[in-house]
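Since every read-out is calculated from the coordinates, none of them should be taken as a lab result. Everything numeric here is computed off the predicted structure, so don't read it as measured data. Virtual Cβ from ideal backbone geometry, glycine too; neighbours counted across all protein chains shown.
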Amino acid sequence: MFLPGFARVFLALNIVRALSIIALLLVFATSILVLVDDVEAVNAFSNGNFNQTAFDLGNSNYIPNSTVPNQPGGAFWAVLNRIFIIFETIVLILSEIDWPMVFFDRFFPVLGKDFGVGALGVMQCLIGASVLSHYVGKFPLVTAFFLFSVGCANILVGLIFRESAKDKRSILSWRERGRDVLPSHARGVSDVRPVTGTLSSVLIREDKTGTSSGTPSDASSRSGLGFGRQGEKAAALKGFHLTKPVESVPKHAA
């Protein structure tokens, strides 16, 4: 089935939108899992419940089985980083579902309806790079790659469609296009007055004034002079010049 151009653009943009929401939800879930694993690993490390030999032989820069660096304040910054990622994914998901758009338009206009999806793609790439910069498991690794790829796609869409991207993918835009093609109501219909009634009322009024207040002399003066010479003279006195059509002979008579 052949689809018009705006329908294909609408479907393509909403496919990217759906992939973006799925990627953000996956990163949101994996960030919570990694946060729980990091807290458990830090508690085990603090209580001494770990293999000291394996820790000494391995990489001692990170707490075992976690993404927390083994340095002063490492646990605090690692947990704070995960909380920031979770908060950012929530904000970006709300921006993708266009709710509450009034809040974004007023307090965070980069994610509002007057901007495209380029800034959204940049934020998604930053989140993906932040997750990929640490050693994580396979599931967080795949979701971070997925989010980074979707972010690159959103940047490309933002460069192509710019600020009109969100309007083209909006479901309400179909209703607006329907109004442009076939208006639902006609403007100014109530202002139209019936010409027949107005004309008949004027003729009746003139007839009444002519019959009631007119005298025989007025009636004779109001009568027409016809199309003869008397009519031409009366028209000439009033400044009108009547012309006769040029006489011509038919071609077959010539």
Among residues of region 63-106 being assigned to a helix (DSSP H, G or I) and among the acidic types (Asp, Glu), the residue nearest to residue 42 (Cα to Cα) is 88
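Residues checked against (1) touching a helix residue (DSSP H, G or I) at 6+ places or on another chain (Cβ under 9 Å); (2) within 17 Å of residue 88 (Cβ to Cβ); (3) free of Cβ contacts under 8 Å to residues at least 60 places away in the same chain; (4) assigned to a helix (DSSP H, G or I):
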{"residue": "129", "(1), (2), (3), (4)": "yes, yes, yes, yes"}
{"residue": "142", "(1), (2), (3), (4)": "yes, no, yes, yes"}
{"residue": "147", "(1), (2), (3), (4)": "yes, yes, no, yes"}
{"residue": "152", "(1), (2), (3), (4)": "yes, no, yes, yes"}
{"residue": "155", "(1), (2), (3), (4)": "yes, yes, yes, yes"}
{"residue": "162", "(1), (2), (3), (4)": "yes, no, yes, yes"}
{"residue": "165", "(1), (2), (3), (4)": "yes, no, no, yes"}
{"residue": "168", "(1), (2), (3), (4)": "yes, no, no, yes"}
Residues satisfying the stated conditions in region 91-106, i.e. of a type in the set (A, V, I, L, M) and either more than 13 Å from the chain's Cα centre (by Cα) or surrounded by 15 or more Cβ atoms within 10 Å (Cβ to Cβ) (or both): 91, 92, 93, 94, 101, 102
Yes or no: region 107-121 includes at least one residue that is over 16 Å from the mean Cα position of the chain (by Cα), closer than 30 Å to residue 68 by Cβ, among the small types (Gly, Ala, Ser) and part of a helix (DSSP H, G or I). yes
Residue count, region 1-39 (criterion: loosely packed, with under 13 Cβ neighbours inside 10 Å, closer than 23 Å to residue 135 by Cα and not hydrophobic (A, V, I, L, M, F, W, C)): 0
Close pairs from region 76-103: first free of Cβ contacts under 8 Å to residues at least 40 places away in the same chain, partner among the aliphatic types (A, V, I, L, M), Cβ under 7 Å, at least 6 apart: 88/123; 88/127; 95/111; 95/120
Would you check if there is a residue in region 99-112 being under 25 Å from residue 79 (Cβ atoms) and touching a strand residue (DSSP E or B) at 6+ places or on another chain (Cβ under 9 Å)? no
